[in-house]
Amino acid sequence: MTNKLMIPCVYLQDCKAVTGFGQRNLFGDGDVEALAKFYSDNGADELLVFDFSSGDSEHERAIGKIKEICTASEIPVICAGNIKRMEDVKKLIYAGCAKTVLNFSKQGNVELLEEVSKRFGREKMMVSISSIEEFTDHKELIENYAAAVLALDTVQDAIAEISSIPVILHTDEGKESSLLALLGSNAVGGLCGSFVSDASTELLVFKDKCREAGIAVNTFESSIPWSEFKLNSDGLIPVVVQDYKTDEVLMVAYMNEEAFRTTLKSGKMTYWSRSRQELWTKGLTSGHIQYVKSLTLDCDNDTILAKVAQVGASCHTGNKTCFFQPLMKKEYDDTNPLRVFQDVYDVILDRKENPKEGSYTNYLFEKGIDKILKKVGEECTEIVIAAKNPDKEEIKYEISDFLYHVMVLMAVKGVTWEDITRELARR
């Protein structure tokens with residue numbers, strides 16, 4: 001059974017999030033990147049962006065903003081709106097969109113589908129329809145060249161009678177019982193619209209209700225039952241909490257069974273307070289929430305390692321981590337590749353913001369992009385020459401020079417290592 005998807009919408013107008021179709025009122029403060037991160041952390045499966053831009057220049061700005069949304073989002077991004085030609089689809093795919101949506105109320109989009117599907121892949125294509133005729137008139141074309149249909153009207157049952165293509169329903173329905181009934185139908189493969197887009201909707205809690213109703217959805221479930229955990233004398237299990245990106249240890253806390261199950265149900269780290277003898281969800285009062293990324297049990301089944309997305313500080317003192325008081329330290333080389341790359345990049349950024357006299361990095365910044373590109377080209381050539389030499393020391397030296405100059409270029413163009421690693425992971 002295929003899991004039903006929850007897909008919030010971001011309606012993009014003038015590079016800000018607005019409240020819906022034809023609206024200019026901001027959704028919250030309009031920050032689309034923050035909104036994408038919020039949905040990613042709160043149980044959404046995918047994210048649908050409607051681009052309301054008009055005119056080529058505004059459309060180009062919108063694509064730039066969509067790229068930022070894709071960077072901020074940890075769930076696949078789908079983009080709809082203002083697609084007129086293959087170049088628009090290409091730019092959206094290159095911006096990081098997992099799928100694009102062609103509006104089948106526009107004849108130009110109907111004519112475009114086969115071409116872009118063959119170029120970029122059927123799995124990246126969806127079509128939006130607002131009437132059953134838009135589907136029936138092009139049924140064979142859609143089934144051959146699109147992976148799913150976005151229904152802007154309640155035509156899912158009519159489609160299901162004649163086709164097995166997945167249908168994502170965009171609806172303003174806000175009543176949970178009605179939405180559960182819709183999702184319980186084989187005609188609906190997922191929901192988007194006002195309910196799942198509402199920032200107050202706890203998607204993981206709603207998904208739990210779906211699961212109880214026998215609807216297959218993506219939820220957090222433990223592969224090992226609580227009964228197999230080895231608990232301490234108080235019936236608790238310690239939890240070591242790490243930042244999911246940096247692996248920095250943030251804190252240590254304890255869970256009882258209720259805290260563990262609440263964590264799985266809500267997607268937010270919840271613990272048992274030994275001092276207060278009560279359940280507590282981290283950040284519920286401070287706003288410093290920990291969104292669950294993974295939970296792993298150790299070899300003895302007596303300790304949990306939690307990787308989380310930490311909002312704000314994890315420590316009650318205001319420090320990022322509870323482990324900030326040095327006791328002793330032996331000098332050592334930290335050669336973790338990603339950390340070294342990030343540290344060097346941070347130094348380069350600091351030179352850009354705070355120029356230092358005599359700095360070679362600042363010399364490159366002052367000379368400008370042409371000089372930096374020239375150095376990148378030269379260092380690339382040096383790598384080719386060094387590769388013909390059997391001594392690997394020379395090529396190590398040249399690759400290091402090349403990577404440094406590439407990082408200077410990255411700093412000038414506003415590209416981060418996170419951008420690079422996300423792109424590599426996506427590929």
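The values are calculated or read from the model by the stated rules, or taken from the named source; none is laboratory data. Source: prediction; values computed, not measured. Positions of Cβ are generated from backbone atoms using ideal geometry, with glycine treated the same way; all protein chains shown enter the neighbour counts. Keep in mind that these areas ignore ligands, DNA and RNA; they rest on the heavy atoms of the full protein, side chains included. Shrake-Rupley method; radii C 1.70, N 1.55, O 1.52, S 1.80 Å.
I'm checking my understanding of the structure. Among residues of the stretch 307-360 that are within 23 Å of VAL412 (Cβ to Cβ) and outside any helix (DSSP H, G or I), which one is most open to solvent (accessible area, probe 1.4 Å)?
Ranking the candidates gives GLU357 first.
For the stretch 243-259, give me each residue that is on the phi < 0 side of the Ramachandran plot and surrounded by fewer than 21 Cβ atoms within 10 Å (Cβ to Cβ).
ASP243, TYR244, LYS245, THR246, GLU248, VAL249, VAL252, TYR254, ASN256, GLU257, GLU258
What number of residues within the stretch 364-397 are farther than 17 Å from MET410 by Cβ and either among the β-branched types (Val, Ile, Thr) or assigned to a helix (DSSP H, G or I) (or both)?
Number of matching residues: 15.
Evaluate the stretch 172-189: report whether one residue or more is among the small types (Gly, Ala, Ser), modelled with pLDDT of 95 or more and within 23 Å of the chain's Cα centre (by Cα).
Scanning the stretch 172-189 turns up at least one residue that is among the small types (Gly, Ala, Ser), modelled with pLDDT of 95 or more and within 23 Å of the chain's Cα centre (by Cα).
Select from the stretch 7-47 the residues that are aromatic (Phe, Trp, Tyr) and assigned to a loop (DSSP other than H, G, I, E, B) and write down the one among them that is farthest from GLY193 (Cα to Cα).
Step one: filter the stretch 7-47 for residues aromatic (Phe, Trp, Tyr), giving 11, 21, 27, 38-39.
Applying the additional criterion that residues be assigned to a loop (DSSP other than H, G, I, E, B) yields 21, 27.
Details: PHE21: 11, PHE27: 14 Å.
Here the residue is PHE27.
Quick check: anything in the stretch 269-278 touching a Phe, Trp or Tyr at 6+ places or on another chain (Cβ under 8 Å), under 23 Å from SER200 (Cβ atoms), at pLDDT below 95 and surrounded by 16 or more Cβ atoms within 10 Å (Cβ to Cβ)?
Among the residues of the stretch 269-278, not one is touching a Phe, Trp or Tyr at 6+ places or on another chain (Cβ under 8 Å), under 23 Å from SER200 (Cβ atoms), at pLDDT below 95 and surrounded by 16 or more Cβ atoms within 10 Å (Cβ to Cβ), which makes the answer no.
So, in the stretch 17-43, exactly how many residues are touching a Phe, Trp or Tyr at 6+ places or on another chain (Cβ under 9 Å) and aliphatic (A, V, I, L, M)?
Number satisfying all stated conditions: 3.
Could you check the stretch 361-383 and list, in sequence order, the residues that are open to solvent by 80 Å² or more (accessible area, probe 1.4 Å) and more than 32 Å from the chain's Cα centre (by Cα)? Full working, then the answer.
Start the filter on the stretch 361-383 by keeping residues that are open to solvent by 80 Å² or more (accessible area, probe 1.4 Å), which leaves 363, 366-367, 370, 373-374.
TYR363, GLU366, LYS367, ASP370, LYS374, listed by residue number.
Quick grid of which residues meet (1) modelled with pLDDT under 95; (2) among the charged types (D, E, K, R):
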residue	(1), (2)
VAL340	yes, no
TYR345	yes, no
GLU353	yes, yes
LYS356	yes, yes
ASP370	no, yes
LEU373	no, no
VAL384	yes, no
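I'd like to check something: does the stretch 384-406 contain any residue that is within 33 Å of the chain's Cα centre (by Cα) and more than 20 Å from PRO337 (Cα to Cα)?
Checking the stretch 384-406: not a single residue is within 33 Å of the chain's Cα centre (by Cα) and more than 20 Å from PRO337 (Cα to Cα).
Inspect all residues belonging to the stretch 68-79 and state whether any of them is charged (D, E, K, R), within 30 Å of ALA34 (Cα to Cα), open to solvent by 70 Å² or more (accessible area, probe 1.4 Å) and touching a residue at least 12 places away in the same chain (Cβ under 8 Å).
yes
Considering only the stretch 295-306, how many residues are without any contact (Cβ under 8 Å) to a residue 12 or more places away in the chain and either among the charged types (D, E, K, R) or part of a loop (DSSP other than H, G, I, E, B) (or both)?
Count: 2.
Determine which single condition CYS97 fails, assuming it passes every other condition in (1) over 30 Å from PHE220 (Cα atoms); (2) touching a Pro at 6+ places or on another chain (Cβ under 9 Å).
Single failed check for CYS97: (1).
Taking the stretch 12-26 only, how many residues are in contact (Cβ under 8 Å) with a residue 40 or more places away in the chain and crowded, with 22+ Cβ neighbours inside 10 Å?
So the count comes out to 2.
Identify the residue in the stretch 188-213 that is in a loop (DSSP other than H, G, I, E, B) and either charged (D, E, K, R) or under 26 Å from LEU26 (Cα atoms) (or both) and, among all such residues, is least open to solvent (accessible area, probe 1.4 Å).
Among those residues, the one meeting the criterion is THR201.
In the stretch 290-304, which residues are within 18 Å of ASP243 (Cβ to Cβ) and either open to solvent by 60 Å² or more (accessible area, probe 1.4 Å) or of a type in the set (Lys, Arg) (or both)?
Correct list: LYS293, THR296.
Under the condition of being open to solvent by less than 50 Å² (accessible area, probe 1.4 Å) and assigned to a helix (DSSP H, G or I), which residue from the stretch 48-63 is farthest from MET125 (Cα to Cα)?
Checking each candidate, the answer is GLU58.
Residues are listed down the side, and each one gets a yes or a no for (1) surrounded by fewer than 19 Cβ atoms within 10 Å (Cβ to Cβ); (2) touching a residue at least 60 places away in the same chain (Cβ under 8 Å); (3) over 24 Å from ARG427 (Cα atoms):
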position	(1), (2), (3)
GLY96	no, yes, no
ASN103	no, no, yes
VAL116	no, no, no
ARG122	yes, no, no
ILE132	yes, no, yes
GLU143	yes, no, yes
ALA146	no, no, no
ALA151	no, no, yes
